[in-house]
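**Q** Got a structure for you, questions after.
The values are calculated or read from the model by the stated rules, or taken from the named source; none is laboratory data. What you are looking at is a predicted structure, and each value in this text was computed from that prediction instead of being measured. Every residue, glycine as well, gets a Cβ built from its backbone with ideal geometry; the counts of neighbours run over all protein chains shown. Please note that ligands, DNA and RNA were not included when accessible areas were found on the heavy atoms of the full protein model with its side chains. Shrake-Rupley method; radii C 1.70, N 1.55, O 1.52, S 1.80 Å.
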Amino acid sequence: MSLVRSSGGSGRESTVEDPVQIRRALTDLQRSESEFPIKVEGTHTLPYTAWVQHLDFEKGVLHLKLIRPLPHEMVGGAPFEMLFAVGEQRFEAPLTFLGRESYLLYRFSVPLRMTQSDRRTHKRYPFRPREKAYVLAQDSGLPGFGFAGPLVNLSLGGLAFRVDRVMRLDDHMRVTPGVGFFEKGKELPMLKIRDLPKHPLFEARGRVANAWERDGEIIIGVQFLDLKDSELNQIQDVLTIREQMQRVSSSTPSAPSGTRETKAKAGTENKGPGSRMNPAGAETPDALTRLGRRGTCLVLAMAPGSAREEAQTALRAAGYLRLDPVDTLEQALERLRTDSGAASRLLVLEVPPGSEPPVTDLRNLQRELGELRELPVALIRSGGIPAETEDPLIRPLPWPGAGETAWLPLLDELAGL
């Protein structure tokens, strides 16, 4: 379906400036509750996933809900760009940051134009290093090089991975190349992904599409070449699981619009395997999410007393059964050191009223744990919410009480569920 007609040109030069068409496209984007990336214009920073919560065309304001906070130093007037799909078309549009509305909710200007984009033909699904999916690749040069690193994202069209090792194949010597080493178009006759869900080993051919540096690390984007039907089916199996997990995550009380709550209460739409009904008609968590909660090692660092007992009761009731309560952050470090065999870890830390989150100490903790530097941290405070941080792995959460569940989807998201 083509909802938007361009004002002229073709391809990426096709630009839409008609306010009526732009309003229609944004309204459809809000109605579909689709997620899309935004990022600071002209940068190579990690994009922020967002969705439209509210539109105010009279004031020219677009309210976007993000899954991680923008930096505190972000000032009004900062230029952003969004990339979204309308029917079968994909558009880029410039935004202007206007300010913060509430927790993870920000105001942007309604875009004045949209440009057709050929980027991201296929939806990309992110992976975290602790999920253990690993990429091995080999180029076609002489003597030839091998690359390896954790999977960053995956789609039907390709993948991105972080380069941890580069080795020369003739003498097995390790090298440390820059971004320029991975030139666009480099053929990768051998491309393997290990430990994908349901598929221990996936093999294909690829081509380097782009490479960039992020926080001192090199990320490579790879395009699949000549996939067979069986290989496409394997990738589709993996992405179907990710899509089901995202749908479960989005059908929570923290949803960006009232339509999600209405759908959940009505229960009249078709339910997928990630959404089941109990005999009373209430929606229950997806089996994968419940299994993930049971398998997560959760260290609860807070002073002993009734507040800790209340938090433990709420966490257990939600399905987080591997609880390890400690009194201080130092004790939490010792527990995390000794529990080196846990596949998934999560730290929940109480921040006393009037205190600032110990972000520096937490980052030092992540560095000290070495390969566990992806350790997510949830900050809680009785009677309120701690201040936001600039680190997407250190997030403030509402207090985990038994009578309020707004904290649960945020904790699941932080745990990678």
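**Q** Per residue of region 79-84, in order, report the coupling 6.51 cos²θ - 1.76 cosθ + 1.60 (Karplus, θ = phi - 60°) as ³J(HN,Hα) in whole Hz, putting x for Gly and Pro.
**A** Working through the residues one at a time gives x, 10, 9, 10, 10, 8 Hz.
**Q** Okay, next question. Out of every Cα-Cα pair in region 51-156, what percent are more than 22 Å apart? Don't skip to the answer; put the middle values down first.
**A** Working: 2915 of 5565 pairs.
Cα-Cα pairs in region 51-156 separated by more than 22 Å: 52 percent.
**Q** Compute the signed sum of charges (Lys and Arg +1, Asp and Glu -1) over the other residues within less than 13 Å, Cβ to Cβ, of G180. Display every interim value, and only then the final one.
**A** Details: positive: K184, K186; negative: E183, E213.
Neighbourhood net charge equals 0.
**Q** Classify region 98-177 as rounded, prolate or oblate, taking a ≥ b ≥ c as the square roots of the eigenvalues of its Cα gyration tensor: rounded when a/c is under 1.5, otherwise prolate if a/b is larger than b/c and oblate if not.
**A** Because a/c hits 1.5 or more and a/b exceeds b/c, region 98-177 counts as prolate.
**Q** Which value results when the Cα radius of gyration for region 290-367 is divided by 2.2 N^0.38 Å?
**A** Values: Rg = 12.7 Å, N = 78, 2.2 N^0.38 = 11.5 Å.
Normalised Cα radius of gyration, region 290-367: 1.10.
**Q** Considering only the other residues whose Cβ falls under 12 Å of the Cβ of A303, what net charge follows from Lys and Arg at +1 and Asp and Glu at -1? Write down the numbers at each step before the final one.
**A** Values: positive: R308; negative: E309, D327, E350.
Combined, the nearby Lys, Arg, Asp and Glu give -2.
**Q** Based only on Cα atoms, what mean projected area does the convex hull of region 164-212 have, in nm²?
**A** Numbers: hull surface 17.8 nm².
It is 4.4 nm².
**Q** Determine how large the accessible area of R168 is when every protein chain is in place; take a 1.4 Å probe and give Å² rounded to the nearest 10.
**A** Accessible area, nearest 10 Å²: 80 Å².
**Q** Taking the convex hull of the alpha carbon atoms in region 68-222, what volume per residue do you get, in Å³?
**A** Values: hull volume 24.9 nm³, N = 155.
In region 68-222, the Cα hull volume divided by residue count equals 161 Å³.
**Q** Moving on to the next point. Of the GluC sites (Glu not before Pro) in region 101-197, which ones lie in a loop per DSSP and count no more than 16 other C-beta atoms within 10 Å? Please report the intermediate quantities before stating the final value.
**A** On the way: sites: E101, E131, E183, E187; in loops: E183.
In loop regions of region 101-197 (DSSP not H, G, I, E or B), the sparsely surrounded GluC sites (Glu not before Pro) are E183.
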